[in-house]
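What follows is a short report on a single structure.
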Amino acid sequence: MVYGAAIARRNRAFDAGRGVVTLDRPVISVGNLSTGGTGKSPTVAWIVRTLRDAGRDPCIAMRGYRSRDGVSDEAEEYRAAFDDLPVVARPDRLQGLIELFASERGGRVDCVVLDDGFQHRRIARSLDLVLVDATRDPFADAMIPAGRLREPVGSLRRATHVVITHAERVEVGALVNLAQRIAHAHGRAPIAITEHAWSGLRITDTEGDRVEPVSWLRGRRVLALCAIGNPSPFLAGIEAAGATLADAVILRDHDAYAPPTVARVASRITASSADAVVTTAKDWTKLARRDLSSWRVPVIRPSLELRFREGESALRAVVSKPSA
């Protein structure tokens, strides 16, 4: 109740326009109501591709949660996925954007994508998208610290549109019920319903890097390794690929993978007789800088693809033409 009262007071101030800065170019915010992962990264990547296809030159601005060596894993993931994409990753996103716009490269940027921006209300936005993870029903959750909600579900009314993610992980009946409750809370039905699918595998071993189809995992014993907000879809993907889950090391979100952790994973690989380690692209941004020679098995990262059950055209239309 105390946390909820503080959030309500903060939101009233922003609703009145106090402390809100409007940039001179459109801003698309992608966020959620809860802590932990909801599938923001694949959605943000889809938005960046959609904007570029429409002839826009976007940048990404994010909080920039940092590992111990001072590198933001999500920022590195975006930079690896897109050539020449400016990424601002710092606690003061507004100041970071102002500095970017003053540079030669930043001067060409004509729109901003806020990663995890629903609660970052200091920057006004043209389009406010909220993602709801179908595997984590916000209507069955509670506010922090009793639950995972950063804001009550009534805050959905502030969003321009709601997108349901991870639809592949729930039954149709539960999905329909969730969409109906979102429509009641938000005032409109979700603009899109999406799934996350593995489109391929990136493999690093003693011979270097290569790409393989998802079927490469079938029948292999693997150790799952991740430090993400919601590991359940990642683990389900391993199962769906036909691999045998020999062991799983689930770390706190944004873990830095310090050398002792790498050594602990090596011992778990040996104990489980795993043929390979499967991790995420976000985790790999830090693991790639570590000495993994003690693991002696390939390290696999699935390539995630956003797929639409419905609403792709509608979402593409609103994303492609943001207005300041």
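The values are calculated or read from the model by the stated rules, or taken from the named source; none is laboratory data. All figures in this text were calculated on a predicted structure; none of them were measured in a lab. Glycine also receives a Cβ, built like all others from the backbone with ideal geometry; neighbour counts cover every protein chain displayed.
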Tally, over region 6-20, of residues that are surrounded by fewer than 14 Cβ atoms within 10 Å (Cβ to Cβ) and either charged (D, E, K, R) or not assigned by TED's automatic domain parsing to the domain that holds Leu94 (or both): 4
Residues being touching a residue at least 24 places away in the same chain (Cβ under 8 Å) and within 20 Å of Ser313 (Cβ to Cβ) - total across region 169-185: 2
Tally, over region 304-323, of residues that are surrounded by fewer than 17 Cβ atoms within 10 Å (Cβ to Cβ), modelled with pLDDT under 95 and more than 19 Å from the chain's Cα centre (by Cα): 3
Residue check for Gly219: surrounded by fewer than 18 Cβ atoms within 10 Å (Cβ to Cβ), modelled with pLDDT of 95 or more and closer than 29 Å to Ile269 by Cβ: yes
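In the set Thr204, Thr194, Thr285, which member is in a strand (DSSP E or B), within 19 Å of the chain's Cα centre (by Cα) and of a type in the set (S, T, N, Q)?
Details: Thr204 fails: within 19 Å of the chain's Cα centre (by Cα); Thr285 fails: in a strand (DSSP E or B).
Result: Thr194 is the single residue among Thr204, Thr194, Thr285 that is in a strand (DSSP E or B), within 19 Å of the chain's Cα centre (by Cα) and of a type in the set (S, T, N, Q).
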Test: residue in region 148-163 that is in contact with a Lys or Arg (Cβ under 8 Å, 6 or more places away or on another chain), in contact (Cβ under 8 Å) with a residue 40 or more places away in the chain and acidic (Asp, Glu): no
Conditions (1) in a loop (DSSP other than H, G, I, E, B); (2) more than 16 Å from the chain's Cα centre (by Cα): number failed by Arg157: (1)
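Per-residue answers, yes or no, for (1) charged (D, E, K, R); (2) closer than 19 Å to Ala159 by Cα; (3) surrounded by fewer than 23 Cβ atoms within 10 Å (Cβ to Cβ); (4) modelled with pLDDT of 95 or more:
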{"site": "Leu114", "(1), (2), (3), (4)": "no, yes, no, yes"}
{"site": "Gln119", "(1), (2), (3), (4)": "no, yes, yes, no"}
{"site": "Thr135", "(1), (2), (3), (4)": "no, no, yes, no"}
{"site": "Ala142", "(1), (2), (3), (4)": "no, no, yes, no"}
{"site": "Pro145", "(1), (2), (3), (4)": "no, no, yes, no"}
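Could you tell me whether Arg181 is assigned to a helix (DSSP H, G or I), within 30 Å of Ser155 (Cβ to Cβ) and basic (Lys, Arg)?
Details: assigned to a helix (DSSP H, G or I): yes; within 30 Å of Ser155 (Cβ to Cβ): yes; basic (Lys, Arg): yes.
Yes.
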